[in-house]
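Derivation of every value follows stated rules applied to the coordinates shown; laboratory data play no part. Bear in mind the structure is a predicted one, so any value in this text is a computation, not a measurement. Cβ sites come from the backbone with ideal geometry, for glycine too, and all protein chains shown count toward neighbours.
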Amino acid sequence: MPEITKLIHHYLRHDKKFPHVWCPGCGIGIFLGALIRAIDRIGYEKDEVVLVSGIGCSGRLPVYVDFNTLHTTHGRALTFATGIKLANPNLKVIVIMGDGDAVAIGGNHFIHAARRNIDLTAIIINNSIYGMTGGQSSPTTPYGMRSTTTVYSNIEQSFKISELAVTAGAVFVGRGTVYHAKLLDSLMEKAFLKRGFSVVEVISHCHTQYGRQNRLGSAVEMMKWQRDNAIPVEKSLKMRPEELEGKILIGVLVDRELPIYQEEYEKIRERAKASAERG
Amino acid sequence: MLLQGNEAIAEGALRAGCRFFAGYPITPATEISEVLSVRLPQVDGTFIQMEDEIASLGAVIGASLAGVKAMTATSGPGFSLMQENLGFAIIAEIPCVIVNVMRGGPSTGLPTFPAQGDVMQARWGTHGDHPIIVLSASTVRECYDMTIRAFNLSERFRIPVILLIDEVVAHMREKVIFFEDEKIEIFNRIKPTMPPEWYIPYEDTPSGVPPMANFGEGYRYHVTGLTHDIRGFPTSRPDEIGPFIARLHRKISSHFSEIQMAEFFLTDDAEMTIIAYGCVARSARRAVIEAREKGHRVGLLKLMTLWPFMRNAVERVLQTAKVLLVPEMNMGQISREVKRVNQGVAKVLTLNKVDGTIITPSEILSRLEEAL
Ligand SMILES: Cc1ncc(C[n+]2csc(CCOP(=O)(O)OP(=O)(O)O)c2C)c(N)n1
Ligand code: SF4
C-alpha cells in the first residue's frame, strides 16, 4: 500500500458513512491531506487532538477524521475551542473555519482569540465565497466579482485575513494555497508546534460556486491561478506595490513571542491562592 | 453569614463543582462574574471574560465537553444572544448552567429593576422543538441551593439548565446559615465504562441519558449541532431523527418527579391558592399569612421549577381551590400555563405588574379580597 493510502486509512473514520459532502475537485480535500500529514509528522496521539469547526463546507471536515471532533455553530468555533483548551490544556486544539465563518459572523471571536493569545491553531479555508449556502458573497470576495447576492458586482472591499490576524496579535501567521502543497504542509506543522495563537490561511478554490459565477474555469484552472498569482513573502519584499496588485503573499507573515494566556493564567492562580491564604 | 443573592449563586456553583466560568459583564448579573473571577483561580478553576455572550456560552460548552463543570451568567440582552448556542448544548447534550438575572425588557429595557419577563424566552427562546429545565429562587439561600440543583440536574440529564433570578433576589442581602454537617448531594455526569471501541456516544439507555465521555479521555467521537445518529454522525434519515428527538424529550418527561420542585404552603384546605415564584412568592407568603389571620382559607404554591411546567402541583391545589391567583411581574406568562392545566375547573385570576416595582403583599391581598 502506498504511504499516503496507509495514512488515510489510519486517520479516516471507517464507521462514517462516506461519500463525503464535498464537490469533486474541491480544495478542502487537498487541505485535509495536509492536515493529516502534519499531524502524523509531529506524531500527536489521536486522543490528544481536538478538531473544532464552524459551519460551512469547511466545517464538515472534522467528521471524517478519527480525533475528538466538534462541529459547532456558524462562526463560533473559536469560542468552543477556547473553553476546551482552558479546561484541558493538554489537548492539541485545532480550529477549522471557512472565510465567512471566521471573519464575517465569527470576526469578533477571531480578533479576540488572536488578541488573547490562547494556545490554539486556527485554520481558515479561504475560498472567497459562501460555498455551503450556494455562492453568496463573503467578506473575502474581491471587489468587482460576482456572487449570487452580488450579481451586478461586489462593491465591497475584501478582508485580508492573514494581515488581520497579524494586527490582532496572533503569534504565528502563515498563508498558503492548496496548489502549493509542500508549503502548506510546512506551514501547518509550524503552526501546530508554535505555542500561542497560530493562524494558517489556506487559499482554496470553490469552482462550483465562485469559479462558475466568475467564469474562472475548472478546479485545475483555478489552481493554476493560485500557482501564477502567489508570491512568496521574501520575494515580495523586493517588489513594488504595483507589481503586488492582485497577488497573494504566501509563506510566514509573522512568527513572534507574546505572553500566552494559559501561562499568564497560571500566575493568576498562584496570586489568587496566596491572597486567599492571607485571608 | 450575610450574603447577596448573586454571591450565593457564585458560592453555590463552586460547591457544585463548577470550575469554569465565561461571561460578559451585564447588570444585574455582574457580581456573579466578579466573585468568580476572584474565587475560581483560588481553586484551580478558570474564569474568563469573553468578547460577548455568544462567546461566553460557546466557551462554557467547550469546557464542559472537556470535562469541567461550567457556567455563565447574564441578563436579558445577553440571554438573547445565547439562544443559538443554548440549542447547541441541548442537541449535543452538553451539561452547563446559565444564570439569567432578569431585567425589565424588551431590549436594553430596565437594567436595574426587577421583572419576570423572560419565563417564556427561557422555555422557547432557542429555535426548534426542545426540552429545557428552568429553575427559580426566592431567597438568598435558595440562590445557593438552586444553583447546586441546576448543576446536578444538568449533569444528570445532560441538558443546559437555566436559573431565572429576579433582580431583587440577586441584589438582596440576607442572613444565610450554612450548617457544618449539612449534607449536600453533588451529582457528576455518568461516564462510559466500556472500552472505547464499544462506546456509542448517543445510544439510547433506559433513562434516555447516554453516558458522556469527555474529550481527551480516549473515547474519540463526533459532536455536532446537526441531527445525528447514535454515533454522533450527521443524519437526515427519518428513522434515525425521530427516535433521537423523541429521546431528547423522553429523558426529561420521564423524570418529572426528579426535576420538579415546589413548596406547598397551607394549600391542603385552601379555597384560594396563589401560584407564584421568585420574589413574588415572598410577597405571596406574607399575603397568605395575613389572609389566614382574617379567616380566609388561602394557600401558596411556590414554583421552584418553572419548566418543565409543574402540571401535577397545579392539579394538586385544584383539588380544593376554587380560585387560583397568579401574580407575576410580566403580562402573564406562567398564568397561561396555569390556565392550560386548569381547563376551567377553578377561576384563574392574574395580577400583572411591569413597571419595575415588586408586587407587594397588600396588592396581592386586595386582589384576593376582590375575588372573595
Ligand atoms: C447563524 C447562522 N447563519 C447562517 C447560517 C447559514 N450558513 C451556513 S454555512 C454559511 C456560509 C459558509 O461560508 P464559509 O464560512 O465561507 O464556508 P464554506 O462553505 O465556503 O466553506 C452560512 C451563511 C448558519 N448556519 N447559521
Ligand atoms: S461548494 Fe465549493 S467549497 Fe463547497 S464543497 Fe463544493 S467546491 Fe468545495
Post the alpha-carbon centroid distance, segment B:117-191 to segment B:239-302, in whole angstrom. 15 Å
Computed label-point distance, nm, for sites B:Asp52 and B:His249 using a 7 Å Cα→Cβ extension: 3.3 nm
Once amide hydrogens are built 1.01 Å from N within the peptide plane, the residues lying 5 or more places from B:Leu349 or on another chain with amide H under 5 Å from its amide H are B:Leu324, B:Leu325, B:Val326
The long-range amide H neighbours of B:Val99, using H built 1.01 Å from N in the peptide plane and a cut-off of under 5 Å, are B:Thr72, B:Ala73, B:Thr74, B:Leu163
With a bin width of 10 angstrom, please list the P(r) values of the protein assembly as shown as percents of all Cα-Cα pairs, from the 0 bin to the one holding the largest distance. 3, 15, 24, 22, 17, 11, 6, 2, 1, 0
Under a point spin-label approximation (7 Å from Cα along Cα-to-Cβ), what is the A:Tyr143-A:Arg269 distance to one decimal in nm? 4.9 nm
Using r as the Cβ-Cβ distance of A:Arg240 and B:Gln42, and R0 as 41 Å, what FRET efficiency do you calculate, to the nearest 0.05? 0.10
For segment B:142-293, how big is Rg over Rh, using alpha carbon atoms and the Kirkwood form of Rh? 1.10
For segment B:207-281, Kirkwood radius (reciprocal of mean inverse C-alpha pair distance, Å): 16.4 Å
Just want the ordering: A:Cys23, B:Cys18, from fewest to most Cβ atoms lying within 10 Å of their own Cβ. A:Cys23, B:Cys18
Per the Kirkwood formula on distinct C-alpha pairs, the Rh of chain A is how many angstrom? 19.3 Å
For chain B, what does the relative contact order come out to in percent, with C-alpha contacts under 8 Å and a separation of six or more? 16 percent
Could you list which residues have their amide H under 5 Å from that of B:Leu306, counting only those 5 or more apart in sequence or on another chain, with H placed in the peptide plane? B:Val134, B:Leu135, B:Ser136
Here FRET efficiency (C-beta to C-beta, A:Lys182 to A:Asp255, R₀ 25 Å, nearest 0.05) is 0.85
Measuring from a point 7 Å past the Cα of B:Asp269 along Cα-to-C-beta, which residues in segment B:312-337 have an amide N at less than 11 Å? none
Give a quick list of trypsin sites (Lys or Arg not before Pro) in segment A:180-279 that DSSP marks as loop, anything other than H, G, I, E or B, with at most 11 other Cβ atoms within 10 Å. A:Arg215, A:Lys238
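Can you give the longest run of chain B that contains no GluC sites (Glu not before Pro) sitting in a DSSP loop with at most 11 other Cβ atoms inside 10 Å?
Result for the longest clean stretch: B:186-372.
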Which lysines have a Cα lying under 29 Å from the Cα of B:Lys339, excluding residues fewer than 8 positions away in the same chain? B:Lys251, B:Lys294, B:Lys302, B:Lys322, B:Lys347, B:Lys353
How high is the relative contact order of segment A:3-278, in percent, counting Cα pairs under 8 Å that sit 6 or more residues apart? 17 percent
Sort out the exposed loop chymotrypsin sites (Phe, Trp or Tyr not before Pro) in chain B (DSSP loop, at most 15 other Cβ within 10 Å) and tell me the longest stretch that has none. B:180-372
Using unit Cβ charges (K, R positive; D, E negative) and no other charged atoms, how large, in debye to the nearest 20, is the dipole of chain B about its Cα centre? 640 debye
Once both axes come from the Cα atoms, what is the angle between helix A:77-87 and the longest principal axis of chain A, in degrees from 0 to 90, rounded to 10? 20 degrees
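Any idea what the dipole of segment A:3-278 comes to, in debye rounded to 20, about its Cα centre with Lys/Arg Cβ at +1 and Asp/Glu Cβ at -1?
Numbers: 34 positive and 28 negative charges, 31 e Å.
With Lys and Arg at +1 and Asp and Glu at -1, about 140 debye.
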Principal-axis tilt of helix A:27-42 within chain A, Cα atoms, nearest 10 degrees: 40 degrees
Cα shape, segment B:2-175, gyration tensor, a/c 1.5 rule: rounded
